[in-house]
Structures are given as C-alpha cells and as structure tokens.
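> First, the structure itself, so that you have it in front of you.
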Amino acid sequence: MTGRDIEDTVVADARAGLEAVAEGLFAALSARPAEEHEQDAGPAFAALKRTRATALLIPRECAGTGASAADAVRFQLALGTLAPAAAVATTMHHYKIAALARVARSGDERAAAILKDLGAGAGLLASGGAESTPGRDLRTLGSWAVRDGGDWLVTGLKRPCSLSTSMDVLSLMAELRAPDGTPEGYAQVFVPAGAEGLDREPFWTSPVFRAAESHAVRLTGVRVGDDRVFPLRGESGRRFATDCYTWFQLLIGAAYLGVARCLATATPADRRAGSARWTQGFDGLRRLEAGLLDAARAVDAGRPAADQLNLAVRARDRIEDELGALGGLLLRAAGGAGFARTAFPTLLAGALHAVAFHPPQRGARDGIGLEPLDAELKDRC
C-alpha cells in the first residue's frame with residue numbers, strides 16, 4: 001500500500017463515518033484544519049447543528065436519526081479525526097440522549113417530549129453527570145434539588161461542564177431533597193441553558209481540549225418543572241444509569257480513537273507507507289476500534305444490560321491501557337521537525353492519556369448504574 005493509498009483510507013474512513021448520518025458534515029469540518037478546530041470548536045458545533053448530527057441518537061419518532069450504536073461509534077471516531085475537542089465534548093450530549101431514548105421508547109412521555117424538543121431544534125445537551133475522583137463514590141454529588149410545590153429548586157456546581165457555551169439544555173445529576181432537607185434519592189434534571197440562576201464561570205485552563213467549552217456551571221435556586229426531573233428509582237432508574245455508563249464508554253472510547261487518528265495524520269502521507277512505527281500504531285488503532293465495535297453491536301443486538309456494560313467497560317479499558325503507547329509510536333513517526341513548526345502533534349499525544357480521567361475512573365467504580373459491573377473491572381486500579 002502506497003502512502004497515497006493510506007492517505008485515501010484515512011480520509012475515506014472519516015468521510016464515511018460522518019456522511020452516513022450527516023450529509024455535508026465532512027465538507028464543513030474538513031474546510032478548517034484540525035488545529036484550528038482545537039483553538040475554537042464553535043464552527044464545528046454549529047456545523048453539527050446545521051447538519052442535524054446532534055440528532056444522531058434521538059429516535060426517529062422523536063424527530064431524530066435513530067442511528068445504531070455501531071454507527072455512532074464510527075461517527076464519533078470520524079469526528080475526532082477532524083475535530084478532537086468537538087468529539088470529546090459531544091460525547092456528553094450523545095450518551096445521555098441514547099440513555100434517555102430507551103426511556104422514551106418504553107412509553108415515558110416526559111422523556112419523549114424532551115427528545116422531541118432537542119430533535120426539532122437540533123439542540124445540544126450538556127451533561128453534568130458524576131465527577132470522577134479516585135477513591136470517591138460516584139454518588140457523591142455537588143448538586144441537589146429541593147421540592148418547592150410542583151417544581152424543584154436546583155442548586156449546585158458542575159466543573160467542568162463541556163459544551164457549556166453552546167448547550168441548549170443542561171442535564172444534571174442531582175440529589176433530591178424534601179423541603180425539610182430529607183434525602184429522597186437521585187435524579188436527572190433537565191435545565192434550559194438560559195434559565196435564571198444558571199451561570200458559567202472560567203475553569204478550564206489546560207491547553208488540552210480547550211475548545212470543548214468546559215466551564216464551571218453554577219446553579220443557584222434554578223426553578224425546574226417536575227416534568228423535567230427524572231428520579232432514578234427502582235429498576236428503571238438503575239437501568240437508565242447503567243445505559244448512561246454503557247453508552248459513555250462506547251462514545252468516549254471512539255472519540256479518543258479519533259484523536260489518535262488525528263495524530264496519525266501528522267505524518268505526511270508520502271512517509272506513512274514506509275514507516276514501521278506509523279503502520280504499527282495505525283494497526284493498533286484499528287484493533288481497538290474493532291473491540292469497541294464488538295461492544296457496540298452487543299448494544300444493537302439488545303443483549304442483557306450487564307453484558308453491554310461489561311463489554312463496553314472492557315473495550316474502554318483496553319483503549320486506556322494501550323492508547324498512550326500507540327500515540328507515542330505515531331508521534332515518533334511524525335518526525336522531530338514537527339516540534340519546531342507546531343506543538344499540535346505533541347498536544348494530541350498528551351491528550352490521549354486524558355481518557356483515564358473520565359468516569360467511571362478506575363478506583364471510583366461504585367454508584368447507581370454500576371451494580372452490574374464485574375468485580376474484576378470494578379476493583380481494578
């Protein structure tokens with residue numbers, strides 16, 4: 001295979017992954033270099049909305065595309081190849097929608113209404129879920145909702161919260177409390193981005209994924225209607241939380257494989273065919289992608305929730321274990337001259353290690369939704 005054949009393969013894969021669900025998106029994103037998208041992902045988020053890629057996992061009956069898990073993995077991988085921060089950020093949008101879609105398909109009219117609103121406007125949903133901290137239970141939250149008549153008053157802080165600038169709705173995991181402060185369990189709360197009492201504060205100062213719009217979001221007594229609060233109670237609540245974790249592993253894994261593919265393009269096409277490091281690195285990425293797609297197909301096949309979760313976490317853990325070394329191969333294949341001309345390949349290589357910091361981080365794998373996780377995965381550090 002010549003260097004040009006390899007170049008065509010990388011481009012063709014990215015084009016196919018995007019165009020399968022969002023016509024015109026590949027052209028819109030490839031019009032800017034990836035390095036520019038990493039400085040400002042605003043145009044990428046706008047293109048996702050314009051082409052309705054934001055409706056990727058919204059069911060067709062709710063004005064969405066209704067894509068499969070396998071297609072969603074391919075899509076996020078392709079997006080990460082062209083706009084890494086946009087892929088990582090929109091994972092927060094897609095995984096929550098995928099879990100909510102199952103609730104809607106079960107007949108929940110509130111879930112269907114939220115999805116229809118997002119689908120009609122091609123809106124973006126930011127996810128204020130658990131913050132992964134080693135040694136801390138994922139149920140240790142920084143947000144709570146107190147019942148006030150027929151509504152809830154939501155207070156708390158989520159940092160970081162990706163898509164904080166471009167979001168239309170914030171989905172927040174919060175502890176429910178009675179007016180006297182008595183705990184009443186946990187819930188997903190859907191808050192309009194323009195709600196009074198919702199404020200954004202500077203937080204993210206790292207150069208890695210700076211374009212993901214990861215501010216701190218503070219809520220102070222934000223009033224939310226009861227129809228936008230989903231208590232995570234009983235089997236349906238546990239299943240929703242399990243689905244969230246399953247889909248998150250699939251999509252965040254795909255996003256980071258896309259980031260690695262973006263790094264792979266730093267090696268000029270005419271040097272790729274003759275580079276053993278590049279070939280070894282790219283073959284490793286394909287192998288990890290195949291494992292992730294196997295887990296996605298388990299979701300599409302409707303296998304038991306425990307099987308889906310464990311396969312997805314195993315695939316994500318393999319990516320976490322191997323991606324840094326593969327990125328090192330690709331960085332060396334790019335050549336030392338790149339250090340003199342741009343820091344972008346080095347930035348991407350470092351960014352690959354950040355996959356380890358996303359929930360459920362090793363050492364913090366307890367909480368609602370993670371009960372079906374095998375002991376070997378739950379206890380692994």
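> If Ala28 satisfies all but one of (1) among the aliphatic types (A, V, I, L, M); (2) surrounded by fewer than 24 Cβ atoms within 10 Å (Cβ to Cβ); (3) in contact (Cβ under 8 Å) with a residue 60 or more places away in the chain, what's the number of the condition it fails?
(3)
> Do we have any residue at all in the stretch 86-105 that's open to solvent by less than 10 Å² (accessible area, probe 1.4 Å), in a loop (DSSP other than H, G, I, E, B) and either touching a helix residue (DSSP H, G or I) at 6+ places or on another chain (Cβ under 9 Å) or under 30 Å from Asp270 (Cα atoms) (or both)?
No, every residue in the stretch 86-105 fails to be open to solvent by less than 10 Å² (accessible area, probe 1.4 Å), in a loop (DSSP other than H, G, I, E, B) and either touching a helix residue (DSSP H, G or I) at 6+ places or on another chain (Cβ under 9 Å) or under 30 Å from Asp270 (Cα atoms) (or both).
> Pairs under 7 Å by beta carbon, first residue assigned to a helix (DSSP H, G or I) in the stretch 356-381, partner at pLDDT below 80, six or more apart or different chains?
If the second residue must be at pLDDT below 80, the pairs left are Phe357/Ser132.
> Sticking with this structure for a sec: Against the condition touching a Gly at 6+ places or on another chain (Cβ under 8 Å), open to solvent by less than 20 Å² (accessible area, probe 1.4 Å) and farther than 20 Å from Tyr245 by Cβ, how does Gly274 come out, does it pass? Walk me through it before giving the result.
On the way: touching a Gly at 6+ places or on another chain (Cβ under 8 Å): yes; open to solvent by less than 20 Å² (accessible area, probe 1.4 Å): no; farther than 20 Å from Tyr245 by Cβ: yes.
It is false that Gly274 is touching a Gly at 6+ places or on another chain (Cβ under 8 Å), open to solvent by less than 20 Å² (accessible area, probe 1.4 Å) and farther than 20 Å from Tyr245 by Cβ.
> If you don't mind, another one. Restricting attention to the stretch 166-184, which residues are over 15 Å from Arg228 (Cβ atoms) and either touching a helix residue (DSSP H, G or I) at 6+ places or on another chain (Cβ under 8 Å) or among the polar types (S, T, N, Q) (or both)? Give the steps one after another, and end with the answer.
Just the residues of the stretch 166-184 that are over 15 Å from Arg228 (Cβ atoms), to begin with: 166, 175, 177-184.
Residues satisfying the conditions are Ser166, Thr182.
> Within the stretch 182-209, count every residue that is at positive phi, part of a loop (DSSP other than H, G, I, E, B) and surrounded by fewer than 18 Cβ atoms within 10 Å (Cβ to Cβ). Talk me through it step by step, then tell me what you get.
Start the filter on the stretch 182-209 by keeping residues that are at positive phi, which leaves 185, 197, 209.
From the residues that got through so far, the ones that are part of a loop (DSSP other than H, G, I, E, B) too are 197, 209.
Add one more test, that the residue is surrounded by fewer than 18 Cβ atoms within 10 Å (Cβ to Cβ), and what stays is 197.
Of the residues in that region, 1 qualify.
> Being open to solvent by less than 20 Å² (accessible area, probe 1.4 Å), aliphatic (A, V, I, L, M) and within 18 Å of Ala264 (Cα to Cα) narrows it down to one residue among Ala72, Ala53, Ala83; which is it?
On the way: Ala72 fails: within 18 Å of Ala264 (Cα to Cα); Ala53 fails: within 18 Å of Ala264 (Cα to Cα).
After ruling out the rest, the residue left standing is Ala83.
The values are calculated or read from the model by the stated rules, or taken from the named source; none is laboratory data. The structure displayed is predicted, hence computed values, not measured ones. FYI the Cβ positions are ideal-geometry reconstructions off the backbone, even for glycines, and counts take in every protein chain you see. Protein only, heavy atoms only, side chains kept; ligands, DNA and RNA dropped before computing areas. Shrake-Rupley method; radii C 1.70, N 1.55, O 1.52, S 1.80 Å.
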